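Presented below is the structure to which this report refers.
The values are calculated or read from the model by the stated rules, or taken from the named source; none is laboratory data. Everything quoted here is computed from the prediction, not taken from an experiment. Note that each Cβ is placed from the backbone with ideal geometry, even for glycine, and that neighbours are counted across all protein chains shown. Keep in mind that these areas ignore ligands, DNA and RNA; they rest on the heavy atoms of the full protein, side chains included. Shrake-Rupley method; radii C 1.70, N 1.55, O 1.52, S 1.80 Å.
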Amino acid sequence: MARNREGLVLVLDVGPAMRSVLPDVEKACSMLLQKKLIYNKYDEVGIVVFGTEETGNELAREIGGYENVTVLRNIRVVDELAAEHVKQLPRGTVAGDFLDALIVGMDMLIKMYGNAHKGKKRMCLITNAACPTKDPFEGTKDDQVSTIAMKMAAEGIKMESIVMRSNLSGDAHERVIEENDHLLTLFSSNAIAKTVNVDSPLSLLGSLKTRRVAPVTLFRGDLEINPTMKIKVWVYKKVAEERLPTLKMYSDKAPPTDKFAKHEVKVDYDYKVTAESTEVIAPEERIKGFRYGPQVIPISPDQIETLKFKTDKGMKLLGFTEASNILRHYYMKDVNIVVPDPSKEKSVLAVSAIAREMKETNKVAIVRCVWRNGQGNVVVGVLTPNVSERDDTPDSFYFNVLPFAEDVREFPFPSFNKLPSSWKPDEQQQAVADNLVKMLDLAPSAEEEVLKPDLTPNPVLQRFYEYLELKSKSTDATLPPMDGTFKRLMEQDPELSSNNKSIMDTFRGSFEVKENPKLKKASKRLLRDKPSGSDDEDNRMITYDAKENKIDIVGDANPIQDFEAMISRRDKTDWTEKAITQMKNLIMKLVENCTDEGDKALECVLALRKGCVLEQEPKQFNEFLNHLFKLCQERNLSHLLEHFTSKKITLIPKSEAADSDIVDENAGDFIVKQESMLES
Amino acid sequence: MELDPDDVFRDEDEDPENDFFQEKEASKEFVVYLIDASPKMFCSTCPSEEEDKQESHFHIAVSCIAQSLKAHIINRSNDEIAICFFNTREKKNLQDLNGVYVFNVPERDSIDRPTARLIKEFDLIEESFDKEIGSQTGIVSDSRENSLYSALWVAQALLRKGSLKTADKRMFLFTNEDDPFGSMRISVKEDMTRTTLQRAKDAQDLGISIELLPLSQPDKQFNITLFYKDLIGLNSDELTEFMPSVGQKLEDMKDQLKKRVLAKRIAKRITFVICDGLSIELNGYALLRPAIPGSITWLDSTTNLPVKVERSYICTDTGAIMQDPIQRIQPYKNQNIMFTVEELSQVKRISTGHLRLLGFKPLSCLKDYHNLKPSTFLYPSDKEVIGSTRAFIALHRSMIQLERFAVAFYGGTTPPRLVALVAQDEIESDGGQVEPPGINMIYLPYANDIRDIDELHSKPGVAAPRASDDQLKKASALMRRLELKDFSVCQFANPALQRHYAILQAIALDENELRETRDETLPDEEGMNRPAVVKAIEQFKQSIYGDDPDEESESGAKEKSKKRKAGDADDGKYDYIELAKTGKLKDLTVVELKTYLTANNLLVSGKKEVLINRILTHIGK
């Protein structure tokens, strides 16, 4: 196994108690393997399940015991099959023993890699840890677990346990659960093992680190208190956004017969003196220019080299200040972590002393950093303490970048106190708001906190990998709807809302909002978002263009506004056409389904007429109106016809739109015809 | 290394699709600075930052404007500005009115975009002012001259340029005279007041806003009610909001101008869904965004004319030019999975773009590492949805009082994110508002964005060294000694950016000398060398390292450092100078070349030839 590869054994509980969450376990594991297939395709993976009816593992064959533990897959390079396996986990029938399964997993890792590849071997246990474990042949369970954990530490095997417990119906279980939790903490204190407790499918998806990134230091060097006192530190990224994979461009130009076609696309840049000229200049004949007022200032590379701001690598302490002085919203970027150089015990001590004292006295440190020699800029940031809760982990600092003077735009905003009193809440309203803030609680206690960022998966990534998998099976697969698990992230928890229904109702009642009547059409879009639940999921996910309030469809709810907004869009030429077509369709729909709602259809027709006059599209309207008229006659929708007469809809004559072939006197013909028909 | 602003200042992995950070130049601004140059502006002084030194009001006004000109040229170079003094001896204006002098430099219209030359000459205005322009009270009791009236007229004429639809037009009036017609006889005073106010009103009717930056005497407040409240059109409600304390200190004034010069721009309109059936309207403002040097314009090196860049996509198999949109592929399971651009954007479009409230948590749940990018400031608006402000203020107050923040899902970014909404109470100081009241929206990372570095550094079963009580005590003493007095976030100018603009200015004006830029981010050496500080550091050091500070105990050296050491030892193996002379450097391996480079603190990047050249240059020196 090469340096940057990992050997992973998934140890999955498939016992009856896990059945309800197995689909989510499958999702999480499948995501993990999918990402390995893309980013770490030489990683090796084994899969062990426990709680199965049958038994199938080497230890059982060799020495007996280890029942109900099945090896689904021996450790080997990750492939499609592995991804398939985790998507169809067997549904077990017996309560499994997670200790047995862990030993089986560990045995696999040791047999495969021996003592080598320390730190690159990992086990991942997903269980509810609610089933009793068997007593060992000798000694106590504690002894047994300590021995296993020590063995794991010695072999350099890491372990990650995800304990999934949602609504456990367990009175009898309580003692078992307590014992199991205790055993799991024993692992943590004796090996590199951590336990994550999750209580919802959403956090289960988030709890499994599906993308393995080899951590790289951004900086190794001195944290300088002053020139005589330096602390050796390493800096890593603590937070870095995981993005969609960068997709390559694909060319389908090569003939299908060309077996050696690479289908690659090259990006070519041409530099031209003027837009019209065909004269192309070589890249080295260019020089960089920077805007300065109306001028563009050319700067040669030599000038840059001699004049540029020069820096020396290092972290320099500027001083300490009250934590309250650094407001949270000034943090500018993703976060770094500053850990003491693990080989320097004194540095570990120095960081520990400062971090602990900072925490105790609510202070933070301001530092100036240059991460690399010759880097063109410096950053000023704040160190905040990260005092470790685990005995075996050194204390460290978090580092956040602070803004420079140039980065801040200080706009004044009116004081709330100075706003007119009609804009301010009264005492009763304030009490209602207090109640809402108190009761709509996502963290009743530290253990019960939901929607922790650390356990919340990225819905877009989830959807992309799901789609990728579907497409790999069938090229014309359609985009699946958003996974229901993510509702909990995108909407209020229905349980929480219904528990607090009266509070929500009071809030709604106390804070009435209404659209500003002075504002016209296009801007009146805000209140239109329908309460969730009332519209179906697919619609809500995609109807709205997230970026702008741009309307691209004439909806049922507010067809006239939609139409007006759409027909006046100027970013593409075909919006008018689209708006008219969609409006026509909608009117037809209204007319066809209509019982006594002619009014709405009528309003739409009037709006359409106005739009067609504005856009000078008389034909479109006149033809449509004739068509509509015939339809009403055919179906004998007389009440509609009457409506039409009373509102005096006419065709669009020449005087209103030059393109029209209807002369003014004949514009009313449409109605005359109709009346004569009624008489006959 | 080339200074490429895109590289140097770019977040390592900035998302080019995300246009959120790029402020759009929505409109431009036309600004006229009107500066009272009466003798009173020169003889009134107020204390400066440096103690024991007094600065004239004129100096304060001029340095404020100088600073804001620089801000214009850097951030908003499309804005057009004019500088106009009144109460001057000389006159220079299109209308040929007495007592008004429009300051300008060659190759520039009276109102135009600021140029390097304008900035430079304006920086020196105080030296040449007396000779070139001169100060003279324009309104004297026995003449009918009204220099304030003339100034407003000139400014209004300047602002005739540009359409109101696309531009904001503003005047900034700097004066320390709160009663300009005070010395006049009653009848003349009334007359002059009336005509001047009418002039101002005419300007305002044309869509020009007039803003006043009053300077107060140390012993006498600028009394806005005497005259100016009518001029700038304040009614009694707004009067309380107007901050008359402005102008005591240079810093306050600069602060004020900085705040007022940049027109407030809404980054985003946001619908905040509090619960089903209740949505309010918020405006999002980008109050904090990293400032970067403007983008590179490529020029033809012989003519210095801008070069047009044309990008084309070429199929490597056939050489055909591809048309947008081009399909994308992801290799997966031994096949190439195709995505159209449309499909990819569908994948990302999972939400309506609204901000949906999910619930509340205590502030302690928001950790220091829960951050990804600059926050967005939210302030309510009743423009479209009446009642928004009331609901917002109620939630704002409750969150502050209960020390909680709201968790919400925000669909307006790619990808949509979980956000923390942290209420911020208004903070005011003498100089005005320090923190506006509102809610800051902090973008939270997802699980996979957070890395577990702590785990990497833990050694199971081995307790990590922890500081002793004595060490903690010494650390505490150290921290007290090194307390930063009056530290405020963003007090430092970005030295790299300052230098960048100094270079541009020098080249633009053909100067040989580079304007000195100070790196304010360096530690305060003087302070650090105070005996008490040195002593505290020394004691802390002693408590950690003991008597022998150079002995760092190695608790299990890592492979990496061993490697480095080995490298150092190798250094002696070759006589590089000799090899260089005989041209035998190319016989060495890249690793061996790098050893030399590392030992001499040089860059180790590049191909072998580059490395050899670098060594040769180094030896050559």
**Prompt:** Has the stretch A:575-582 got any residue that is acidic (D, E), modelled with pLDDT of 75 or more, exposed (fewer than 13 other Cβ atoms within 10 Å of the Cβ) and not in a loop (DSSP other than H, G, I, E, B)?
**Reply:** no
**Prompt:** Do we find a residue being over 30 Å from B:A502 (Cβ atoms), among the acidic types (D, E), assigned to a loop (DSSP other than H, G, I, E, B) and in contact with a Ser or Thr (Cβ under 9 Å, 6 or more places away or on another chain) anywhere in the stretch A:278-293?
**Reply:** no
**Fill in**
The one condition A:D142 fails out of (1) crowded, with 21+ Cβ neighbours inside 10 Å; (2) at pLDDT 85 or above is (1)
**Request:** Only one of these is facing chain A (nearest Cβ under 7 Å), within 31 Å of the chain's Cα centre (by Cα), open to solvent by less than 80 Å² (accessible area, probe 1.4 Å) and touching a residue at least 24 places away in the same chain (Cβ under 8 Å): B:A475, B:A508. Name it.
**Result:** B:A508
**Request:** Within the stretch B:183-203, track down each residue that is in contact (Cβ under 8 Å) with a residue 12 or more places away in the chain and either open to solvent by 60 Å² or more (accessible area, probe 1.4 Å) or of a type in the set (D, E) (or both).
**Result:** B:S183, B:R185, B:K201, B:D202
**Request:** Return the residue satisfying two criteria in turn: it lies in the stretch A:201-230 and is open to solvent by less than 30 Å² (accessible area, probe 1.4 Å) and part of a loop (DSSP other than H, G, I, E, B), and of such residues it is nearest to the other protein chains (Cβ to nearest Cβ).
**Result:** A:T210
**Message:** I'd like the full set of residues that are surrounded by fewer than 23 Cβ atoms within 10 Å (Cβ to Cβ), more than 7 Å from every other protein chain (Cβ to nearest Cβ) and in a helix (DSSP H, G or I), limited to the stretch A:308-357.
**Reply:** A:A323, A:S324
**Prompt:** What pairs can you find where one residue is in the stretch B:525-542 and more than 8 Å from every other protein chain (Cβ to nearest Cβ) and closer than 17 Å to B:K474 by Cβ, the other is of a type in the set (F, W, Y) and in a loop (DSSP other than H, G, I, E, B), and their Cβ atoms are less than 9 Å apart, with a gap of 6+ or different chains?
**Reply:** none
**Asked** Could you count how many residues in the stretch B:367-400 are more than 7 Å from chain A (Cβ to nearest Cβ) and either surrounded by fewer than 20 Cβ atoms within 10 Å (Cβ to Cβ) or assigned to a loop (DSSP other than H, G, I, E, B) (or both)?
**Response** 3
**Fill in**
Going through (1) out of contact with any Asp or Glu (no Cβ under 7 Å at 6 or more places or on another chain); (2) more than 30 Å from B:T318 (Cβ to Cβ) one by one, A:A240 fails only at (1)
**Prompt:** Among the residues of the stretch A:286-298, is any open to solvent by less than 80 Å² (accessible area, probe 1.4 Å) and more than 7 Å from chain B (Cβ to nearest Cβ)?
**Reply:** no
**Request:** Taking the options A:A254, A:A282, name whichever one is more than 7 Å from chain B (Cβ to nearest Cβ) and either in contact (Cβ under 8 Å) with a residue 24 or more places away in the chain or not hydroxyl-bearing (S, T, Y) (or both).
**Result:** A:A282
**Fill in**
Here the residues within the stretch B:595-615 that are open to solvent by 70 Å² or more (accessible area, probe 1.4 Å) and in contact (Cβ under 8 Å) with a residue 24 or more places away in the chain are B:T598, B:L603
**Request:** Considering each of A:N68, A:N74 in turn, give the residue that is open to solvent by less than 50 Å² (accessible area, probe 1.4 Å), more than 32 Å from the chain's Cα centre (by Cα) and modelled with pLDDT under 90.
**Result:** A:N68
